[in-house]
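Data block below; observations after.
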Amino acid sequence: MSTADMMTSNAPLLQVENLTMRFGGLVAVNSLSFQAAKGDITALIGPNGAGKTTVFNCITGFYKPTEGRIGLRHGEADFETGLNAVTASDKASISTEKGSIYLLERLPDFRISKDARVARTFQNIRLFSGMTLVENLMVAQHNPLMVASNFTFGGLLGFSRYREAEKAAKEKASFWLNKVGLYDRADNPAGDLPYGDQRRLEIARAMCTDPVLLCLDEPAAGLNPRESLLLNGLLRSIRDDHGTSLLLIEHDMSVVMEVSDHIVVLDYGTKIADGTPKQIQTDPKVIAAYLGVDDEELEKVEAEVSA
Amino acid sequence: MSASSSEMMTANVPKGVNWSYAFKEAFTTAVIALALLCLLLGVTTEGGQNILIFKPARLAFAVFLAFVVRFLVVVQKERKAARLEAERLDAVAGIQPKKRRNWFERAEPYLQPVLFFLMAFFPIVLVTTLGGQASTKWVDNYGIVIMIYIMLGWGLNIVVGLAGLLDLGYVAFYAIGSYTYALLAQYYGFSFWMALPVAGVMAALWGIMLGFPVLRLRGDYLAVVTLAFGEIIRSVAVNWKDFTGGSAGISAPKITFFGIPFNASDEGFAAKFGLEFLPIHRSIFLYYIIFGLAILTAVVTLKLKKLPIGRAWEALREDEIACKSLGLNTRNTKLTAFAIGAMFGGFAGAFFGARQGFLTPESFSFEESVLILATVVFGGMGSLVGVVLAAIVLNGGSELLREATFLEPYIGSDPNRYRLFVVGVGMVVMMLWKPRGLISTRTPTVFLNERKAVSGSLVKEGHG
């Protein structure tokens, strides 16, 4: 299955090429290549243990991939030329007047959020539970606030530049709290929130870093159907109103099929399908992977599905 | 008024205490105490003779004490459980529970101003009431010593309480500050005020030096390495005899009033200001120096807490991985916490040198680190007011044991020998009563509508 012709018309934002991750003898991800387009919601699905979270950890810098290249583009820079230029150099990024290209596997973990502007959430929620909701969102704006406080010195002396920046940061925090429907609880500790609210707060926190790409690791896990519906709306709004593209791992098909523009299916670390939700739904390999059908029975299933 | 009285009528009344259960529990405890202590306290040999002497009185006293303490604890527990049950029933019945706060929680809002005024006017009040001669001991042994521990506690609080990095070698920075002052004075003739900033900078540099190699370590591993660092600094001070004077120590010039010495000569402070010479002048001056330094520490800490760097420290304590995912440079964040915490330790060290006039490595033993850490934990991690209370209770309390000579006939030896024992018992009781320290709530650094305290049970201790 070739990737290029499956792509939507949008320009690529993230390009993963031959990504391989080995843990000792275990090959968690095997030569995975896919693209996520700008302005799309790309879903990464697959049975348990397929290597989805490993891919996420490689993209967001928590793992260094054994092999492969992960390119990210800001703006309209020429992706292929740019990628080859960065790869040939020993730098992690290149900037032209049209935009910049980042090689994510070369960036140290925190720079992926700070410079390449890729944000993520976690499968097991990682909020700052002893801090209030608004504090959580303020921590997410650490880097711009740090610059505004002249790396603490200006803030310590009470310069007006920092005070204005802090005010703006609080406004941004209230905007996102409103957006996820948690404004009323702004000054409560994050650890006190019910599970579904914690998930939404984590998304709001990630969005406060102004990402170009937001990676969500099972955002609908543990949500009830009503909350899932709200989540769908939130994800679409992030894509449409904020120009942030999304990459999500999800098991809840009602979310995946509803919101994604493009789906990549993994099984045992290998990509088995790549396409629009409609194409994926009817792909016999995907059905076989999910239902656990033997190869011999595959044809039978295929016939059933197409019937 | 009428609304509250009608609530009182309908609210469930807590059940009474089950006295026989309390007696049974206390009796069991007394039996266990008897079994454990019968050989420890019940018999003794004296004067190297092979004769057992029975001491029934002190055994009985200990067993009785165990009985009474257990009885009171059980009664208190029963009362609390009954009250909670009544409140639960009220909640089921839809009655709004009355906000019930114990004496300590009620006192909390007033603690900060009260403690500040106590600290600010302590020597003045003493001198006016007791006179210059009698109050010297109190200002010197209590005021200044407690103030040093408050400052060290506040400094360590940045590392342990805010950033959540367990540092068992904090005394190393205290030592570096002291020796920086003593050595600069000895070799280059620095005065205290010239050496003070240098001591802070030196300690901060060493904080970064320690910080770099231990950045990857967390929890117990970090604690062990910091402990080792504290011992290394002390060992260097002991063994580098040509430079530091080794175990014999090094003299550090005593504090002067901006060049005017505190002595009885014609050039001394008392003569210049036309006062009668009293040692208290020096003590009061020292007290206000350390008070100023401590207040500086507190103000800087409170300011930093509200800046991005302070929030980053607390976020680091809560979840390091989430910090990385939000683009926080965790390495630099940890290093700044180490450096700033160490800097205040260095200031306190330089002060210590100027106060003592003579330094030996013995002043910077592991025990000191433990005592400083205990102050932070006892007070409630991250709380400045808590550290003050803890320093007063732990250090003031153990100093008071020196005064308690009237106890000598009862316990058979100098009460001061029970110093660490009392601290240990205090810690155990404390951890049972308030496991998160005296002040266990956290005040948010920023708010949108109203500032609500965060319960300590949600705040993490950090993992390294």
Once the mean of 1/r over all distinct C-alpha pairs in the stretch B:388-464 is inverted, the Kirkwood radius in Å reads 15.3
Losing no less than 50 Å² of accessible area (probe 1.4 Å) relative to the isolated chain, the residues of the stretch A:155-178 are A:L156, A:K170
Filtering chain B for DSSP H helices with an axial alpha carbon extent of at least 27 Å and a Kyte-Doolittle mean of at least 1.6 returns B:192-214
Here FRET efficiency (C-beta to C-beta, A:M257 to A:A88, R₀ 45 Å, nearest 0.05) is 0.65
Here the residues of the stretch A:211-228 lying in the modelled label zone of A:Y195, meaning backbone nitrogen under 15 Å from a point 7 Å along Cα-to-Cβ, are A:218-228
The simple spin-label model distance between B:V17 and B:K303, using points 7 Å out along Cα→Cβ, in nm, is 5.1
Subtracting the Cα-Cα distance of B:V114 and B:Y188 from 0.36 nm times their residue separation yields 22.4 nm
So for R0 = 22 Å, FRET eff. of A:T96-A:K64 from the Cβ-Cβ r, to 0.05, ends up at 0.25
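Against the 2.2 N^0.38 Å scaling, with N counting residues, where does the protein assembly as shown land? I'd like the Cα-based Rg ratio to two decimal places. Present the calculation step by step, with values, prior to reporting the outcome.
Values: Rg = 32.6 Å, N = 771, 2.2 N^0.38 = 27.5 Å.
Normalised by 2.2 N^0.38 Å, the Cα Rg of the protein assembly as shown equals 1.18.
Between A:Y290 and A:S237, what length comes free when the chain is fully extended (0.36 nm per residue of separation minus the Cα-Cα distance, one decimal in nm)? Could the numbers behind the result be given before it?
Numbers: separation 53, 0.36 × 53 = 19.08 nm, distance 2.99 nm.
Separation in residues times 0.36 nm, less the Cα-Cα distance, equals 16.1 nm.
Could you compute the longest span of chain B free of GluC sites (Glu not before Pro) located in DSSP loops and having at most 12 other Cβ atoms within 10 Å, not counting the site residues?
Values: sites that count: B:E46, B:E267, B:E276, B:E450.
Here the longest segment lacking exposed loop sites spans B:47-266.
Given a 1.4 Å probe and no ligands, DNA or RNA in the count, how much accessible surface is buried by A and B, both sides, to the nearest 100 Å²?
Working: alone 14660 and 25220 Å², together 36450 Å².
Using a 1.4 Å probe, the pair buries roughly 3400 Å².
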Sorted by chain and then number, the residues having a modelled amide H within less than 5 Å of the amide H of B:F257, at least 5 places away or on another chain, are B:F262
For A:D274, the residues 5 or more places away or on another chain with a placed amide H closer than 5 Å to its own amide H are A:V265
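Looking only at Cα atoms, what is the convex hull volume of chain A per residue, in Å³?
Working: hull volume 47.8 nm³, N = 307.
Enclosed volume per residue, from the Cα hull, is 156 Å³.
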Output ordering of B:57-67, B:142-152 (per-residue mean of other Cβ within 10 Å, highest first) is B:142-152, B:57-67
Note, B:P253: beta-carbon cut-off 14 Å, +1 each Lys/Arg, -1 each Asp/Glu, net +3
For the pair B:T128 and A:N18, the simple spin-label estimate (label points 7 Å beyond Cα toward Cβ) gives in nm 8.3
Taking every alpha carbon pair in the stretch B:111-433 and sorting the distances into 20 angstrom bins from 0 up to the bin holding the longest one, the percent per bin comes out as 31, 58, 11, 0
Scattering profile of the stretch A:128-192 from the Debye formula, Cα beads only, expressed as log10 I(q)/I(0) at q = 0.18, 0.27, 0.28 Å⁻¹, is -0.66, -1.05, -1.09
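Which FRET efficiency value, to the nearest 0.05, do you get for B:A228 and B:V428 by plugging their Cβ-Cβ distance into 1/(1 + (r/R0)^6) with R0 = 25 Å? Walk me through the intermediate numbers first.
Values: r = 27 Å, r/R0 = 1.08.
My answer for the efficiency is 0.40.
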Computed from every Cα-Cα pair in the stretch A:97-212, P(r) in 5 Å bins starting at 0 and rounded to whole percents is 2, 11, 19, 19, 18, 15, 10, 4, 1, 0
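The values are calculated or read from the model by the stated rules, or taken from the named source; none is laboratory data. Not measured: the values here are computed from a predicted model. Counting neighbours? That spans all protein chains shown, and the Cβs are built from the backbone with ideal geometry, glycine included. Surface accessibility is based on the protein's heavy atoms, side chains included, excluding ligands, DNA and RNA. Shrake-Rupley method; radii C 1.70, N 1.55, O 1.52, S 1.80 Å.
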